[in-house]
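Structure first, commentary second.
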Amino acid sequence: LNRSWRRSVPPAVAGGCAAVRIPDDNLLILRCSVVIFRLMRILQVCSVTTFGGGERHLADLSRALADRGHELYVAIVPGSPLSAELSFVTNARTLALSRRNYLKNLRTLATFVRAHGIEIVHAHAARDYHLAALATRLASRGRLVLTRHAGGARIFLKREDLAHTGAHKINNALGQAL
């Protein structure tokens with residue numbers, strides 16, 4: 001690929017494509033091995049005031065989406081530990097949720113979604129599911145994504161003396177590893 005062609009094609013396309021130019025027809029044939037995606041405006045909603053595994057997931061996901069070039073917006077409660085983890089999101093892209101006023105949150109969230117042209121509204125806490133769903137509906141735009149963060153990992157071990165199938169060796173190894 002020559003440099004002038006690379007300047008006119010987005011890096012996501014130019015990076016993984018092989019091109020063949022046919023001079024007589026002024027035709028460029030591309031053979032790509034990459035998936036071309038469109039950058040989106042994504043709003044992460046979380047009104048949780050503690051920090052756990054679900055919030056760690058939200059922070060890591062948000063960082064990865066921002067690193068890929070997506071426009072990231074957040075709706076969080078002021079003073080939440082998430083504010084420090086999401087410090088890379090500018091104040092203009094942050095919406096402060098009220099701790100108590102559900103109707104105010106609904107109105108401001110719907111207005112925020114409409115004003116910023118949000119395409120994906122992603123709610124992470126069960127208490128935010130209805131708020132995000134109604135706000136998306138009121139804004140008449142965007143898609144809703146709900147993530148259920150389970151209450152942690154559970155590990156089950158069987159008693160060795162009750163197992164006669166060879167599984168006792170696996171359980172013993174697991175128990176020693178833990």
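Structural remarks
- Considering L27, L103, L82, L39, the condition of being modelled with pLDDT of 90 or more and aliphatic (A, V, I, L, M) is satisfied by L103 alone.
- Members of the range 100-128 found to be over 23 Å from T49 (Cβ atoms), out of contact with any strand residue (DSSP E or B) (no Cβ under 7 Å at 6 or more places or on another chain) and either outside any helix (DSSP H, G or I) or among the basic types (K, R) (or both), listed by number: R114
- Scanning the range 95-140 for residues that are surrounded by fewer than 17 Cβ atoms within 10 Å (Cβ to Cβ) and hydroxyl-bearing (S, T, Y) gives S98, Y102, T111, Y129, S140.
- Restricting the range 60-88 to residues that are under 21 Å from A110 (Cβ atoms) and either touching a helix residue (DSSP H, G or I) at 6+ places or on another chain (Cβ under 7 Å) or not in a loop (DSSP other than H, G, I, E, B) (or both) leaves a set whose member that is most open to solvent (accessible area, probe 1.4 Å) is E71.
- The condition of being among the aliphatic types (A, V, I, L, M) and farther than 19 Å from R143 by Cα holds for only one of L95, L82, L58, that being L82.
- Pairs with Cβ under 6 Å, 6+ apart, first in the range 118-147 and in contact (Cβ under 8 Å) with a residue 40 or more places away in the chain and over 12 Å from Q44 (Cα atoms), second in a strand (DSSP E or B) and of a type outside the set (S, T, N, Q): G142/V121
- Note on the range 89-99: residues that are among the β-branched types (V, I, T) and assigned to a loop (DSSP other than H, G, I, E, B) amount to 2.
The values are calculated or read from the model by the stated rules, or taken from the named source; none is laboratory data. Note that the structure is a prediction, hence the values are computed from the model and not measured. A quick note on method: Cβ atoms are made from the backbone with ideal geometry, for glycine too, and the neighbour counts reach across all protein chains shown. Keep in mind that these areas ignore ligands, DNA and RNA; they rest on the heavy atoms of the full protein, side chains included. Shrake-Rupley method; radii C 1.70, N 1.55, O 1.52, S 1.80 Å.
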